[in-house]
1. Could you work out how far helix B:584-594 tilts from the main Cα principal axis of chain B, as a 0 to 90 degree angle to the nearest 10?
2. Accessible area per residue of chain B at 1.4 Å probe, in Å²?
3. Report the local net charge at A:LYS9: Lys and Arg +1, Asp and Glu -1, summed over other residues whose C-beta lies under 14 Å from its C-beta.
4. Taking H placed 1.01 Å from N in the peptide plane, check which residues at least 5 places from B:CYS97 or on another chain put their amide H under 5 Å from its amide H.
5. Residue by residue through A:61-73, how many Cβ atoms from other chains fall within 10 Å of the Cβ on average?
6. I'd like the distance separating the alpha-carbon centroids of the range A:1-77 and the range B:413-435, in whole Å.
7. For the range B:453-624, with the dipole built from +1 on Lys and Arg beta-carbon atoms and -1 on Asp and Glu ones, taken about the Cα centre, which of B:SER617, B:GLY561, B:ALA580 lies farthest toward the positive end?
8. Before I look further, what does chain A give for accessible area per residue, probe 1.4 Å, in whole square angstrom?
Amino acid sequence: MMGLHQWPKGKPAQVIKVTGDESFIRRLGDLGVYEGVILEVIGRAPLRGPLIIRYSGTTLALREGDAACIQVQNCPPHS
Amino acid sequence: MHSGAKLSSALLVGPPNSGKTTLFNWMTNSRYRAVNYPGSSVDCLKGVSHARYGAPVLVVDTPGVYGFEADSPEEEITLKLLRHDEQMGHFDVVVVCVDYTQLERHLSLALKIRQLNWPMVIALTMPDLASAAGVNVPLKKIEELVQVPVVLVNGRTGAGVAELVTTLRSLQRSKDIPVPLTQQQMASLVKSWSAAEPASRLRKDKATTPQERTLRLDQWLLHPLLGGVFFIFLMVGVFTAVFWLADPLMGVVDDSFSALGGWIHTLFGAGLFADFLADGMVASFGSVLVFVPQIYILFFLMGVLEDSGYLARAAAIVDRPLDWLGLSGRSFVPLLSGYACAVPAVMAARTIRSSRERWIATAIIPLLSCSARLPVYALLLGFVFFERPAWMAGLALAVIYLGSFVVSAVAAGVLNRLVAKSGSSRFILELPLYRKPHWSVVIHGAFNRTLSYVRRAGPVIFTLALILWFATNFPRVEGEVSTFEQVKQSYAGQVGQIIEPIFQPMGLDWRVGVGLISAFAAREVFVSALALVFDVTTGGPDASIEGALLEKMQTATLSSGEPLFTLASVAGLVVFFMIALQCTSTTAIVGKETGSWKFALMQLVALNAFAYMLSVSVVQGLSLLGI
Ligand SMILES: Nc1nc2c(ncn2[C@@H]2O[C@H](COP(=O)(O)OP(=O)(O)OP(=O)(O)O)[C@@H](O)[C@H]2O)c(=O)[nH]1
Ligand SMILES: [Mg+2]
């Protein structure tokens, strides 16, 4: 288990938990990032800018600090 | 339909970029800006459905929301409407737009809205993209799960819109509110939904879906190195194109207005009336319209980038550098618009999430080199590089642009230090799919934005230019006097001479002072004001106002006999124009958008005072060096 910001590019990850203040958790939830979702880091903007992540048809840019609040782990084998 | 009957009304809601404005345009037969950038609508739009759909329905388009958490003022509006806030008016039905290619996420918002006791219908948008992506969830299945009517609408062709309006009308009659679900029902619905969806996605040749294309393009365009290089080249390209494409067009506008002036002179002969028509009316119109090509081209190119989906990526790319200045990628679009005109830029700042960031962005937007400054720079550089190759003036202009960029960055950085931090700043932005720009939308959108600039700024500029004409021509001086004497003894001349001491440290005299004061109507008025006080008239058919004015500027002297326009005084003027906030429309819109006239006035005073001090130091410094 680690923060999404440390996760290698291109490897699917499953969200275990989103930490941080409540409005942030709700916001990410509204955007479709919550416990159980499988996502993938597809890149990073220049100058160590925002991470670009993708999950079920959505592409999202978010800052490293915010990505660190998304705890992820390896995907369970069956999915 | 009798006049007493109340129109039935529908509210269009849904996540950002789900096709609400596009649907609104189809329903009401209008052409508002619907582009591929999440959060492109910052205002509600109101319209009545077109006659081809039968009895009229009032339709209101709203800014997109992701959930019930308002993150910005414009989302707050939508949420208020959804919560049946009676102050916002009464609506019969809510239409929730759901992007067919993003079913899972968009439907979960629809489910939440379903709990709010509305007669409701789901408009399933982007069917063309969904079938290209191989999404194949049957409509019936969705209807079954959510238990509200679902209508498929195609934003490209308008198919399904008629059916949607019919459904709306029957819902309005039946007032059929779906029974709210219990917490458990919601949870099991979401579960059965997640189970159903992946299975129903057809396996398609992966490489051809819009999603895969987007992914592959992003590998390049968001590449840590190449992405940055591409971005820089693209921005340089955009600005070069704006000048390069606009220049001949601006020439055409300028020439035709001076030709019209000359023609009036030949038609009516000499005399006050002809002067009024040619130098008052026509020249003022001309000064409003010269910028139209530039503004249009910048808005057009922005529209292309926006609708292709790149602008959202660009915002992500500049997020890091903007973060150093207390801003974020959200500020990118407002700041870019600031290069055309500060007024739409300040309005676009609504999409900025954090109020602190919105505050900083609004404070620095007037520093960006808007197109109204261009004619002023063109004139001043035309003077400095008189009869020199054109590329030298071009290079100098690039330096000025870069300078204004640096000044605004420094200003943002300083404000970032001064203003207390409020919580952590965030940047979360959905990146839409790349799409082929919708040309008619882009062309029309740029046209509308340009038109609204002309409408807003035009009357002000025009009225002030006319007032200025009267102020320089009255009171009439008796007898045969030179025009110089006439201007000198006019109201404008008298006022100019009283306040001349203010302009002396800038190396200027009362005539340029009159120009600077008039520029508070709008910066570009400076040029026509100078033309008036230096008595440049629209003469022959091929003499442009600009050219004639440049000649006069070469020989103009201060009362001491020294030349008025020197390298030092012109540099001082450039610096002044770079920083000063000489635009009443900007102050008005800042006051309105921030809701704080104190802020708007403080900005006005601070920027002008700073511009004045810096300009004086430049002029004095350069004179000390003997330039
Ligand atoms: N291919 C396709 N594109 C569509 C369709 N409907 C809308 N679009 C495009 O999707 C983009 C977003 O549409 P908008 O109507 O601006 O979306 P919106 O919901 O108003 O977005 P916000 O104002 O940002 O909340 C635009 O580029 C439209 O041209 C459709 O049915 N098919
Ligand atoms: Mg919209």
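The values are calculated or read from the model by the stated rules, or taken from the named source; none is laboratory data. What you are looking at is a predicted structure, and each value in this text was computed from that prediction instead of being measured. Here the Cβ is made from the backbone with ideal geometry for all residues, glycine too, and neighbour counts use every protein chain on show. Please note that ligands, DNA and RNA were not included when accessible areas were found on the heavy atoms of the full protein model with its side chains. Shrake-Rupley method; radii C 1.70, N 1.55, O 1.52, S 1.80 Å.
1. 30
2. 43
3. +1
4. Result for B:CYS97 returns B:VAL13, B:GLY14, B:ALA123.
5. Other-chain Cβ atoms within 10 Å of each residue's Cβ, averaged: 3.
6. With the range A:1-77 and the range B:413-435 each reduced to a Cα centre, they are spaced 18 Å.
7. B:ALA580
8. 44
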